[in-house]
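What follows is one structure encoded as structure tokens, with my remarks underneath.
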Amino acid sequence: MTTTRGSLWRQVVGGVGRLADLGVQSTDSSQERAAKTALTLAALLLGSFAGVWTLVYLLNGLTAAWVITLVYQVSLLLALGHFALTKRFAVFRLASLSLHLVTPIAVQVALGGFHPSSGVALWSLVAPLGALLAYGSRESLRWFAAYVVLVGGSVAVDAWGITSGVHVPTATVAIFFVANICGVSAVVFMLVRYFVRERERAIRVLAEQHALLAEEQRRSEGLLLNILPAPVAERLKQRDGIIADRLPDVSVLFADIVGFTELSERWPPERIVEMLNGLFTAFDELADSWGLEKIKTIGDAYMVAGGLHVRQPEHTAAVAHMAFAMQQEAHRQRASAGFALELRIGIAVGPVVAGVIGRHKFAYDMWGDTVNMASRMESTGTVGSIQVSGAVYERLRADFCFEQRERVLVKGKGEITTYILLGERSVTTARAVTQPWK
């Protein structure tokens, strides 16, 4: 039985909710929807109460009163029907609030004043309250002023001793006082409760949308940080315009997979991409661990730099350590790669120009003699070696061991002296270096 009653109650509430939404459109904002539903609900509630009052007035022979309430019901029904068909809220708002305001006053006058009518004029309070919901705080003041004027005017019926000539029994007056006070209170409470509930729902929806927006912003910032160094990404978010810097001391590393071109002609594309993704993802993690910045990949070439925007006095040493770690990672992945994975690595240090290029598919890049030198160190290096410029050698010679190469012909530089980075002194000084780097 309890389950049946609960189901029936849910059906009733659902039916009333559907009726209250008869004028709502999909394009309405949450505030518009709440106002439309509140006024429609008020019309349904007051129309229902008016039906009871019409019957009571009719049974007590109060002709003028029941005719007024009947006209009120019919007018409300027509207004609701027009609103449901046309969705013209402005017309329904004005019509329904006017009926709520005038009808109780008219009934009070017809019954001979405030006392004989049991204070039925209190029902007019629904009009300024509805105006507050439907029009807003400023416009509702006019409706409240009209309510005060009409109620004050109706009290003149008592003051001047004007009567309708109809006698209403004392017991009926008392019962109606209770009914009017409770009825008005119930309608006002339900309207305010509904509006507060809608506001809370709107706040929840807004909070959910804000959370989704914040999550989307975090994802966007994450994607931005995957493309740009963090300080550059922050500058890009704060202002438009060209972002370019002249950086006086940057260590640049280029690495290239030996024999990749021939390999790409034999392997299927899925295997090539899988191999590159596995290797370069590991390189990305190494760059993060050493506080370095991945700049880009070009085919099978990987470029990383240190000393860009974060104070890092030992960035050249960090790049050197990463170079050794990259070699170790390449050797570790030989089994999964299915061939003898070897790298050529080149390192240079010096000034560069760096900035963001492009508007849609933008990228952070760097240019200058240091970048060119690092690229040449890689391309003229030997398989499995880390070739560095003279500037890198001078900076790291106290802590790392090197092997000087024979002079190397470098495009744009002629023949220059380069060095092969062998390892830290604590590791390499204990063993003799016998491999010739030619």
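Taking the number of Cβ atoms within 10 Å of each Cβ as an exposure proxy, the fewest-first ranking of L129, L212, L263 is L212, L263, L129.
Selection among V388, G368, G358 by position relative to the dipole of the stretch 348-398 gives G358 as farthest towards the positive end (Cβ unit charges, Cα centre).
Based on DSSP, what percent of beta bridges with both residues in the stretch 242-428 are antiparallel, to the nearest 5? Here the antiparallel bridges make up roughly 95 percent for the stretch 242-428. Using the Cβ-Cβ distance between F339 and I416 with R0 set to 30 Å, the FRET efficiency works out to roughly 0.40.
Can you tell me the FRET efficiency between I175 and V149 if r is taken as the Cβ-Cβ distance and R0 is 51 Å, rounded to the nearest 0.05? Result of the calculation: an efficiency of 0.95.
In the stretch 242-428, if the dipole is taken from +1 on Lys/Arg beta carbons and -1 on Asp/Glu beta carbons about the Cα centre, which of G412, A244, A282 is farthest to the positive end? Among G412, A244, A282, the one farthest towards the positive end of the dipole of the stretch 242-428 is G412. Placing +1 on the Cβ of every Lys and Arg and -1 on the Cβ of every Asp and Glu, with no other charges, gives the stretch 242-428 a dipole of roughly 300 debye about its Cα centre. Counting only DSSP beta bridges whose two residues both lie in the stretch 326-398, roughly 60 percent are antiparallel.
Note on V196/T63: beta-carbon distance plugged into 1/(1 + (r/R0)^6) with R0 of 56 Å gives a FRET efficiency of 0.85. Legend: distances between Cα atoms for K294/K413; K296/K361; K361/K413; pairs beyond 25 Å are K294/K413; K361/K413.
The alpha carbons of the stretch 259-412 give a radius of gyration and a Dmax of 16.0, 46 Å, in that order.
Extension gain for H115-R142 works out to 7.0 nm (0.36 nm per residue, less the C-alpha to C-alpha distance).
Going by neighbour counts of Cβ atoms within 10 Å, the residues S137, S220, S96 line up, fewest first, as S137, S220, S96.
Read-outs: derived from the displayed coordinates by stated rules, not from any lab. The model shown is predicted, which means the values in this text are computed figures rather than measured ones. Here Cβ is always computed from backbone atoms with ideal geometry, including for glycine, and neighbour counts include all displayed protein chains.
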